[in-house]
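The values are calculated or read from the model by the stated rules, or taken from the named source; none is laboratory data. These numbers were taken from a predicted model, which means no experiment stands behind them. Quick reminder, even Gly has a Cβ in these numbers, built from the backbone with ideal geometry, and neighbours come from all protein chains shown.
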Amino acid sequence: MKKLFSLLVLPVLGFTSLVGVTNAQFIKPNPYEDPSNAGEVEQVNVPGQGSGQQDSFVNVVRGAINWILGILAFIALIVLLYGGFLMVTAAGEEDKYKKGFTILKQAAVGLILIGVAWFILSLVFWLVNLTTGQAGGTAGTAG
């Protein structure tokens with residue numbers, strides 16, 4: 001058991017320490033250590049902040065629809081896992097296996113339909129942005 005524990009824990013600890021070392025190279029210096037930089041303010045690009053942002057009504061609606069489709073895809077994935085769980089735990093019961101397989105098929109069809117809906121809506125919003133002359137293609141980015 002100790003051998004298995006060390007085989008699992010040591011690579012994880014080694015990886016996390018490696019990530020910490022590599023991230024330390026990208027840390028910005030503290031501007032308050034140098035008094036000459038204490039008054040400067042750095043501009044941060046946050047969606048919806050400042051001028052030049054493309055947060056039009058169309059892009060807000062697109063973001064909301066993408067958010068809803070993401071939640072639906074997550075729910076379909078959970079249902080897919082539930083159907084697979086029923087199939088695996090059927091233990092020879094034909095009715096339970098068939099029920100799980102049916103749920104699995106229906107969830108897969110749901111995921112495919114969600115993907116097709118996302119593609120069609122992305123195409124429609126791209127065409128709307130193209131015809132209305134709005135630059136860019138994603139919500140919250142400067143074109």
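In the set 114, 103, only one residue is surrounded by 11 or more Cβ atoms within 10 Å (Cβ to Cβ), modelled with pLDDT of 90 or more, in a helix (DSSP H, G or I) and more than 22 Å from the chain's Cα centre (by Cα); that residue is 103. Remark: pairs (first residue in the stretch 66-93, touching a residue at least 12 places away in the same chain (Cβ under 8 Å) and over 14 Å from residue 106 (Cβ atoms); second residue surrounded by fewer than 16 Cβ atoms within 10 Å (Cβ to Cβ) and among the hydroxyl-bearing types (Ser, Thr, Tyr); Cβ separation under 7 Å; 6+ apart in sequence or on different chains) are absent. Look at the stretch 103-129: where a residue is under 11 Å from residue 79 (Cβ atoms) and without any contact (Cβ under 8 Å) to a residue 60 or more places away in the chain and a partner is in a helix (DSSP H, G or I) and hydroxyl-bearing (Ser, Thr, Tyr), sitting 6+ places away or on another chain with Cβ atoms under 9 Å, you get 103/82; 104/82; 107/82. With respect to the stated conditions, residue 63 is at pLDDT below 95 and part of a helix (DSSP H, G or I). With the structure loaded, tell me whether residue 57 is modelled with pLDDT under 95, within 20 Å of residue 122 (Cβ to Cβ) and among the aromatic types (Phe, Trp, Tyr) or whether it fails that test. Here the answer is yes, as residue 57 does meet what is asked. Note on the stretch 118-137: among residues that are out of contact with any Lys or Arg (no Cβ under 6 Å at 6 or more places or on another chain) and surrounded by 14 or more Cβ atoms within 10 Å (Cβ to Cβ), the one that is nearest to residue 71 (Cα to Cα) is 118.
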